[in-house]
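Have a look at the structure below, then the notes.
Each reported figure results from applying straightforward, stated rules to the coordinates on display, with no laboratory input. Predicted, not measured: the structure shown is a model, and the values here were computed from it. Cβ atoms come from the backbone with ideal geometry, glycine included; neighbour counts cover every protein chain shown.
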Amino acid sequence: MTIGGDQARTLAWRYLEMHQPQRALEALRSMTGDDLDDPVVWYIRTHALLDLEEFEAAAGLAQDALGKWADDVELLSLLCAAEAGQDRLAQAEQAVLAALRLEPDSPDLLCQYARVLMRGVQLDKAEQVIELAERAGPDELIVLRTQQLLAFMRYRNREARELAQELLSRDADDPQGQMMLGALDLEDVRPRRALERFGTVVRNDPADDHAMLAAQQAKVMTHPLVWPLLPFERFGVGPTWVAAIAIIFGLQALGAEGASNIAAFVWIGLCVYSWIAGAVIKRKVERGSW
């Protein structure tokens, strides 16, 4: 059945909102001639390719569209995202700055620029841009999400957790807030809490591959086989070794020879277990047993 241009565009837009980019592209496939002379159609096609992570194709399509509609801010924003997806940060910055020249007070564009800067590890400059975004839209969720990402990148975990909790207080199903808290829970070696967070994101969007991988990692860490290895995860291999050696020799210095020997025996057993368990865990994960 052939549908008209307006119907195809409406259907494609609906599929895009439902996170079904391939079906959005298929809905537009029958469009020809005058139907294609519409920036919305080019926007949908480019956005769908971005969702499919076909960044090079998305960038090419956005550039072709901008050849017709050079001052289309949304197309410039998509071009920025497509270039950033290829790690072409200079080109991404050029695109978003072109958009900001047209809409200098847009919180969305300012936050997009800040994210490009963060990918380039220009964190001080990113923070300045986020401050501009906050002044332009103090109540915008995109500003809160960007502040949260910057706090995480600066290893300000307490601030990142507080921002994520504030984000979830305003939108309980916000995927970025859930993913951030899950990541912080994993860093604190709280895999069950992390699994709950990632699981919420997967239930709301089963197509989110990043959340699915994070949930699988958290699930592995909840297995009893992994429990003896959690100190290595929590404190790192180096600090754990230093602590163990300090305990063993500290007990010896205090004259507790028996306790020192027991501690050494436990530590050697734990190290041997970590080598064996690590190989077993890797094999189980590769085989899909977990």
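For the residues LYS219, LYS125, what sequence is obtained by ranking on other C-beta atoms within 10 Å, fewest first?
Fewest to most other Cβ atoms nearby, the residues stand as LYS125, LYS219.
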**Complete:** Within the under-12-Å Cβ sphere about LEU117, not counting LEU117, Lys/Arg +1 and Asp/Glu -1 give a net charge of 0
**Message:** Report the Cα centroid-to-centroid distance between region 87-108 and region 134-156 in angstrom, as an integer.
**Reply:** 18 Å
**Asked** Within region 71-103, what residues put their amide N at less than 11 Å from the label point 7 Å along the Cα-to-Cβ vector of LEU36?
**Response** none
**Message:** Please list, in order along region 165-182, the HN-Hα scalar couplings obtained from phi with the Karplus expression 6.51 cos²θ - 1.76 cosθ + 1.60 (θ = phi - 60°), rounded to whole Hz, x for Gly and Pro.
**Reply:** 5, 5, 4, 6, 5, 8, 8, 4, 9, 4, x, 5, x, 5, 5, 5, 5, x
**Length gained when the stretch ASP139-ILE268 is fully extended (0.36 nm per residue, less Cα-Cα span)** = 41.0 nm
**Asked** Given that compact globular proteins tend to follow 2.2 N^0.38 Å, what is the ratio of the alpha-carbon Rg of region 111-195 to that value?
**Response** 1.08
**Request:** Take the Cα pairs of the chain, get the Kirkwood Rh, then feed it into Stokes-Einstein at 25 °C and 0.890 mPa s and tell me D in µm²/s.
**Result:** 109 µm²/s
**Request:** Provide MET31, MET180, MET118, MET153 in ascending order of the number of other Cβ atoms located within 10 Å of each residue's Cβ, fewest first.
**Result:** MET153, MET31, MET118, MET180
**Item:** Most positive-pole-ward Cα, TRP13, ALA95, LEU79, against dipole of region 1-104 from beta carbon charges
**Value:** TRP13
**Asked** Between ARG154 and ASN204, what is the label-to-label distance in nm when each label sits 7 Å out along the Cα-to-Cβ direction?
**Response** 2.6 nm
**Message:** Taking 8 Å as the Cα distance limit and 6 or more residues as the minimum spacing, I'd like the relative contact order of the chain as a percentage.
**Reply:** 7 percent
**Fill in**
the chain, Gaussian network, Cα under 10 Å: of TYR43, TYR15, TYR155, the residue fluctuating most is TYR155
**Item:** Top of LEU28, LEU150, LEU270 by mean-square fluctuation, Gaussian network on the chain, Cα under 10 Å
**Value:** LEU270
**Prompt:** Helix 5-17 sits at what angle to the longest principal axis of the chain, using alpha carbons and giving 0 to 90 degrees rounded to 10?
**Reply:** 10 degrees
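Kirkwood Rh, Cα Rg: Rg to Rh for region 1-104?
0.99
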**Asked** Among GLY199, GLY177, GLY269, which one moves the most in a GNM of the chain with springs linking Cα atoms closer than 10 Å?
**Response** GLY269
**Request:** List TRP69, TRP42 from most exposed to least, where exposure is judged by having the fewest other Cβ atoms within 10 Å.
**Result:** TRP69, TRP42
